[in-house]
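Novice: Below you will find the structure I want to go over with you.
Read-outs throughout are calculated quantities, based only on the coordinates presented, and are distinct from any laboratory measurement. The shown structure was predicted, so the numbers you read here are calculated from the model rather than taken from an experiment. Note that each Cβ is placed from the backbone with ideal geometry, even for glycine, and that neighbours are counted across all protein chains shown.
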Amino acid sequence: MILLDDIAVTLTSAAGAVNVLRGVSLRMGAGETASLMGPSGSGKTTLLMTAAGLVRPSAGRVEVAGRDLATLDEDGLARFRRDALGIVFQGFHLVPTMTALENVALPLEFAGRRDAFEIAGESLAAVGLAPRREHYPVELSGGEQQRVALARAFAGSPKLILADEPTGNLDGATGKQVMDLLFHLAAERGTTLLLVTHELDLARRAQRIIELADGKIVGDSARAVAAAAAR
C-alpha cells in the first residue's frame, strides 16, 4: 500500500537548507496499521504528507495504492487523494458554515457521487453521530467534531487513512473514544492506517511502531519481530 524508497525532503529556510527527511525507506501492506513516533522536528508529519502527495520529495520514489506519485500533476494528485486516501488532522478542519452531514458529504459531492448525502448519513451513523447530523461545528464538542472528521475520512471507502495526532486537541477520555473508533473502522473495513502520535500507549495499538529521529527511521518493531523470528 505504501512504498517509500530512499526518500529525502530538503526545505529552504532563512538559515539555509534543512534536511527534513534523509534516506527514509518504508513499506506497508494493505490492511496494516503502523504508528509513527519520534521527537518534535524528527520528520513525522513531513513523512505523512509525502505519502499523501502534499509534499514532493527532493529525491527517492513514492508509491501509494499502486500509484507512482511522481507521475501525477497537481490535479492528478488531488484526484488520487480524493479516491484513495482519507486524512485526519489534529485540527478538525470542518467548514463552519456547513452541518455535520454537509461536511461529510462535501468530498463525495466533489467526486460526483449522486448518493453523497446518503453515504454521509451512513458514515455519521457509523461514528455514533446520526442524531447530530444537522448540527454545525460550533454546536459540537471537540470529540464530536473529530468524529465528524473520521466520518468524512472513511466515507469514500479509502484504501489508506493517514492520521496526524488526531487526539492532540482532545482530553484523555475523549481521545480514547476517538481512537477506539479509528482502529475499529480501519479493522472493520480492512483499511491501511498510518498514525502519527506522541503517546506510546496509543502507538502500541498498531501492528508496528516506526520510530523517526533526525529525519531517519531508527526503529521499526515489525523488523525487530521478524529478525527475532529468523533467529
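Novice: Using only the alpha-carbon atoms, how far is helix 100-110 inclined from the longest principal axis of the chain? Give it as 0 to 90 degrees, nearest 10.
Specialist: Helix 100-110 sits roughly 60 degrees off the main axis of the chain.
Novice: Beta carbons within 10 angstrom, averaged per residue: use that to sort the peptides 190-197, 165-172, 12-19, highest first.
Specialist: Going by the mean number of other Cβ atoms within 10 Å, highest first, we get 190-197, 165-172, 12-19.
Novice: Put +1 on the Cβ of each Lys and Arg and -1 on the Cβ of each Asp and Glu in the chain; which of Ile7, Gly76, Val104 then has its Cα farthest toward the positive end of the dipole?
Specialist: The Cα lying farthest towards the positive end belongs to Ile7.
Novice: Report, in debye and to the nearest 20, how large the dipole of the chain comes out about its Cα centre when Lys and Arg carry +1 and Asp and Glu carry -1 on their Cβ.
Specialist: 520 debye
Novice: Continuing with the same structure: So, with +1 on the Cβ of K and R and -1 on the Cβ of D and E, and no other charges, what is the size of the charge dipole of the range 72-123 about its Cα centre, to the nearest 20 debye?
Specialist: Numbers: 5 positive and 9 negative charges, 14 e Å.
Computed charge dipole of the range 72-123: roughly 60 debye.
Novice: If each residue of separation counts as 0.36 nm, what is the full-extension length gain between Ala187 and Thr71 once their alpha-carbon separation is subtracted?
Specialist: Full extension from Ala187 to Thr71 adds 38.7 nm.
Novice: If you plug each phi of the range 146-160 into the Karplus form 6.51 cos²θ - 1.76 cosθ + 1.60 with θ = phi - 60°, what whole-Hz ³J(HN,Hα) values come out, in order, with x for Gly and Pro?
Specialist: 5, 5, 4, 4, 5, 4, 5, 5, 8, 4, x, 6, x, 7, 9
Novice: Where is the GNM fluctuation largest for the chain (alpha-carbon springs, 10 angstrom cutoff): Glu211, Glu188, Glu32?
Specialist: Comparing Glu211, Glu188, Glu32 in a Gaussian network model of the chain, the most mobile one is Glu188.
Novice: Relative to the first principal axis of the alpha-carbon coordinates of the chain, what is the inclination of helix 116-126, with its axis defined by its Cα atoms, in degrees from 0 to 90 and to the nearest 10?
Specialist: 80 degrees
Novice: Among 147-153, 24-30, 102-108, how do they line up by average Cβ neighbours within 10 Å per residue, starting with the highest?
Specialist: Details: 147-153: 26.0, 24-30: 16.1, 102-108: 22.3.
Descending mean neighbour count gives 147-153, 102-108, 24-30.
Novice: Here is a follow-up. Using amide H atoms built in the peptide plane, which far-off residues or other-chain residues are under 5 Å from Ile209 H to H?
Specialist: Residues meeting the amide H criterion: Ser35, Ser221, Ala222.
Novice: The chain: D in µm²/s via Stokes-Einstein (Kirkwood Rh, Cα pairs, 20 °C, 1.002 mPa s)? Provide the component values of the computation, followed by the final result.
Specialist: On the way: Rh = 18.3 Å.
Approximately 117 µm²/s, per Stokes-Einstein.
Novice: Could you give me the ³J(HN,Hα) list for the range 49-55, computed from phi with Karplus coefficients 6.51, -1.76, 1.60 and θ = phi - 60°, whole Hz, x at Gly and Pro?
Specialist: Running phi through 6.51 cos²θ - 1.76 cosθ + 1.60 with θ = phi - 60° gives 5, 5, 5, 7, x, 8, 10 Hz.
Novice: Amide H to amide H under 5 Å from Asp164: which residues, 5+ apart in sequence or cross-chain, H placed 1.01 Å off N in plane?
Specialist: Sorted by chain and number, the residues that satisfy this are Val88, Phe89, Gln90, Val196.
Novice: Right, here's the next one. Among Gly215, Asn169, Thr197, pick out the residue whose Cα is farthest towards the positive end of the charge dipole of the range 112-231, where Lys and Arg carry +1 and Asp and Glu carry -1 on C-beta, about the Cα centre.
Specialist: Gly215
Novice: Using unit Cβ charges (K, R positive; D, E negative) and no other charged atoms, how large, in debye to the nearest 20, is the dipole of the range 99-153 about its Cα centre?
Specialist: Approximately 120 debye in magnitude.
Novice: Then there is this: Stokes-Einstein D for the range 1-136 at 10 °C, 1.306 mPa s, Kirkwood Rh over Cα pairs, in µm²/s? Show your work: numbers first, answer last.
Specialist: Numbers: Rh = 17.1 Å.
In µm²/s, the coefficient rounds to 93.
Novice: Each residue of the range 10-24 in turn: what ³J(HN,Hα) in whole Hz from Karplus with 6.51, -1.76, 1.60 and θ = phi - 60°, glycine and Pro shown as x?
Specialist: With coefficients 6.51, -1.76 and 1.60, one gets 10, 10, 9, 9, 4, 8, x, 6, 10, 8, 7, 10, 9, x, 8 Hz.
Novice: List the lysines whose Cα lies under 23 Å from the Cα of Lys216, skipping any in the same chain that are fewer than 8 positions away.
Specialist: Lys44
Novice: How high is the relative contact order of the chain, in percent, with contacts defined as C-alpha pairs under 8 Å that are six or more residues apart? Walk me through the numbers on the way to the answer.
Specialist: Working: 428 pairs, mean separation 66.8, N = 231.
Dividing the mean separation by the residue count of the chain yields 29 percent.
Novice: Which FRET efficiency, nearest 0.05, do Ala17 and Gln207 yield, Cβ-Cβ r, R0 30 Å? Kindly include the intermediate steps, with their values, before the conclusion.
Specialist: Details: r = 35 Å, r/R0 = 1.18.
Once the sixth-power term is evaluated, E becomes 0.25.
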